[in-house]
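Q: First the structure, which I've put down as structure tokens, then a few questions once you've had a look.
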Amino acid sequence: MKARTVLIIGFLALLAASCIPSLFPLYTEKDLVTDDRLTGTWDAGDDGIWIIERLDFKPNTNPLNPDWTSPAEQKSYRLKVMEQHEGDTLSAEFVMHMLVLGGRYYLNYFPSEYTLDHEFLSWFMIEANNFSRVTVSQDSLVLNFFNPSYLRTLIDQNRIRIAHIRHDNGILITAPTRDLQKFMVKYGNEKDFLLSPDILKRI
Amino acid sequence: MKLRTVLFIMGLTLIVISCIPSLYPLYRISDLLIDDRLEGVFGADDNEYWKIRRLDPEFEKNIPDAWKQYDSGYTYKLTVREKSGAMQDFAMHLLRLRKDLYVDFFPVDYNIKHEFLAMHLVPAHIFAKAEITDKYLVLHYFDMDWLEDLIKTNRIKISYVEVGDRYVLTAQTEELQKFITKFANDSTTFIEPDTLRRQNVETALTNFPILINACK
């Protein structure tokens, strides 16, 4: 097997392993913050290119436009992720929020614009939230996703009680935001729960 | 303001889907049935069709891992080919609740190429009331607008969550069955039925080389 093939398989395995989808977001409106350093174009290496824009809504009196009074919507980012697959560029967009929880910074991602090749399959796919720890600087974005194996172990050993269901590809957390936050405050700094960081470089 | 409004103003579009997804299946194993009339190829032509065949674990050799959990003997394998050429397999189960037949679909062995997107999409069940004849398979999918009306007018108490622009049922199977049977004969419950016509033998045979591949 060629080294390139091994690397690709390893990469896919890492992605599959770095996924703890949740029906509910990790944030409530009061947890949200913004950081101008998030915006820009980022090189995620094998994970492609990330483009982050602030959705800078301003209240106005035009009846055709909304009054952006909700902090959750005033503090939203649009994330566009472009990946290369067999010579094609695939793009998907996400609503992204930054939040502070227990003194630590997180990003919450939720898909907003995408297409699937198979239309009937798209009926069956539920959009879920995902989140990572984040450390942002002027030139780099350091993301730590979470290890679902660790979560599975905690659940199997009855060390935590968090609402979830198991599906073919892993665990879907169904706990409401309040429970999710308690869980992340308690376990969000456990070294076995944090996967190796993905370091994105500003382009 | 709701997410959909945000997305609208961003100039984005959501996938508009009228069916109701559910985290849990509509069936328990004890509810399942076999009906030989389900097997066959349904659809207009070679480019767009549904192929349904019973999955018999005793006779399946080299069955992919994703299918190994479906060993009850009551599973049908549905392969949906779309005009674009895209193909996808689903586990399909037939059940009866009171007098009515239903089918439950769940995607198996799917591949979402965009890896980061794939982390954010979770498969759900979709079910439909079914009529089966020698020539047709008629599917009545439950209407999202109907469900929304029931929820907003407080006429039901079923577990659900609002995800994006649609509702997802989170009720477990027993609660789902009670809910479905309560409204099964209400004319407003369903969207326009999909009528799938069984292909005749000659047309089906032209699909044969593809179907052999799909069975591997």
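Q: Averaged over peptide A:105-118, how many Cβ atoms belonging to another chain are found within 10 Å of each residue's Cβ?
A: For peptide A:105-118, the averaged partner shielding equals 5.
Q: Okay, next question. So for region A:77-203, what are the equivalent ellipsoid semi-axes in whole Å, largest first, each being the square root of 5 times an eigenvalue of the Cα gyration tensor?
A: Its equivalent ellipsoid spans semi-axes of 26, 22, 14 Å.
Q: Run down the lysines and flag those whose C-alpha is under 24 Å from the C-alpha of A:Lys201, throwing out any fewer than 8 positions away in its chain.
A: Partners within reach: A:Lys75, A:Lys80, A:Lys191, B:Lys113.
Q: Counting residues in region B:136-203 as N, plug N into 2.2 N^0.38 Å and put the Cα Rg over that result.
A: Normalised by 2.2 N^0.38 Å, the Cα Rg of region B:136-203 equals 1.39.
Q: Counting only other chains, what is the mean number of Cβ atoms within 10 angstrom of the Cβ of each residue in peptide A:126-133? Intermediate values should be presented prior to the final figure.
A: Details: counts 13, 12, 7, 2, 3, 0, 0, 0.
So the per-residue partner count for this stretch is 5.
Q: Return B:Lys113, B:Lys129 ranked ascending by Cβ neighbour count within 10 Å, so the fewest neighbours appear first.
A: Fewest to most other Cβ atoms nearby, the residues stand as B:Lys113, B:Lys129.
Q: If you don't mind, there's one more thing I want to ask. Rounded to two decimals, what is Rg over Rh for region B:46-205 when you use alpha-carbon atoms and the Kirkwood radius?
A: Reported Rg/Rh, Kirkwood definition of Rh: 0.97.
Q: Determine which lysines satisfy two conditions relative to A:Lys186: a Cα distance under 25 Å, and not lying fewer than 8 residues away in the same chain.
A: Result set, ordered by chain and number: A:Lys30.
Q: Within 10 Å of each candidate Cβ there may be at most 16 other Cβ atoms; applying that plus a DSSP loop requirement, which GluC sites (Glu not before Pro) in region A:86-159 survive?
A: A:Glu86
Every number in this text was worked out from the coordinates using simple rules, so none of it is lab data. For clarity, every value in this text was computed on a predicted model and none was experimentally measured. For neighbour counting, all protein chains shown are included, and Cβ atoms are generated from backbone atoms with ideal geometry for every residue, glycine included.
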